[in-house]
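As structure tokens, the structure follows; a few thoughts come after it.
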Amino acid sequence: MKKQFADRMKKNPVIAGVKDIDNLDDALNSDCEIIFLLCGSIFNLEEVVKKAKDKNKMIFIHVDLVDGFSKDAVALKYICDKIKPDGIVSTKNSQLKVAKSLGLLTVQRIFIIDSLSIDTAVKASQMIEPDAIEIMPGIMPSITKRISCTLDLPVIVGGLVSEKQEIENALHSGALGVSTTAKKLWEVKL
């Protein structure tokens, strides 16, 4: 599954970030191979994941942003067993560890605000060993390059990416994928 994740990012590095359920159909009908679900609730997750699977899309649930679930191992086990996404996105190391133990793919979302946060992010990623990391904001090519050269895992960038040139800059700086909520970029050809 990890290889399939990387292969799909190589095929189309743009990841559809869905922050409003009303945009789900646009993501499902886009060329994006992967969807990061940044919204949803206990009431609609199963249906959303099923729709993504029916369209042959990989889907990752950002578990920190889902309504109606506690942020613990029981909720993650339920998500894994009943909802069956391909993986999760989280900023929380504890969530990532549990998800990995359940066999889900994991994307560690990291916010870079200063040089100390870079070092902290690298150390945390080396300890957690997620399947990929997502650096935010995604418009920092020099930081992307620095982190991608330091870690031996796929780097995704996201946040504030709103132009094709920013996607190209990220990819040239070592990112394997770029997540964006800008629907106009879901159909970008690179």
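Quick notes on this one:
- Placed amide H near I59: partners under 5 Å, 5+ positions off or other chain: I35, D86, G87
- Using a probe of 1.4 Å, the accessible surface attributed to M127 totals some 120 Å² when neighbouring protein chains are kept in position.
- Residue-normalised accessible area of the chain, expressed per residue, 1.4 Å probe, Å²: 47 Å²
- Dipole orientation for the range 67-190: of the candidates L116, S90, S148, S90 has the Cα lying most toward the positive pole (charges on Cβ; Lys, Arg +1; Asp, Glu -1).
- Cα-based Rg and Dmax for the range 73-140, where Dmax is the largest Cα-Cα distance (Å): 12.7, 40
- Top of E47, E33, E166 by mean-square fluctuation, Gaussian network on the chain, Cα under 10 Å: E47
- Projecting the alpha carbon convex hull of the range 11-118 along each direction and taking the average yields 7.3 nm².
- Simple spin-label estimate for E129 and A6 gives 1.4 nm between the two label positions (7 Å along the Cα-to-Cβ direction from each Cα).
- Length, then width, then depth: along the principal axes, the Cα atoms of the chain run 40, 35, 27 Å.
- Computed lengthening from Q165 to K189, 0.36 nm per intervening residue step minus Cα-Cα distance: 7.5 nm
- Calculated mean residue ellipticity, 222 nm, the chain: -11000 deg cm²/dmol, from DSSP H runs (n ≥ 4) at -39500 (n - 2.57) each, averaged per residue and rounded to 500.
The values are calculated or read from the model by the stated rules, or taken from the named source; none is laboratory data. This is a predicted model, so every value here is computed, not measured. Glycine also receives a Cβ, built like all others from the backbone with ideal geometry; neighbour counts cover every protein chain displayed. Quick note on the areas: whole protein, heavy atoms, side chains included, nothing else; ligands and nucleic acids left out. Shrake-Rupley method; radii C 1.70, N 1.55, O 1.52, S 1.80 Å.
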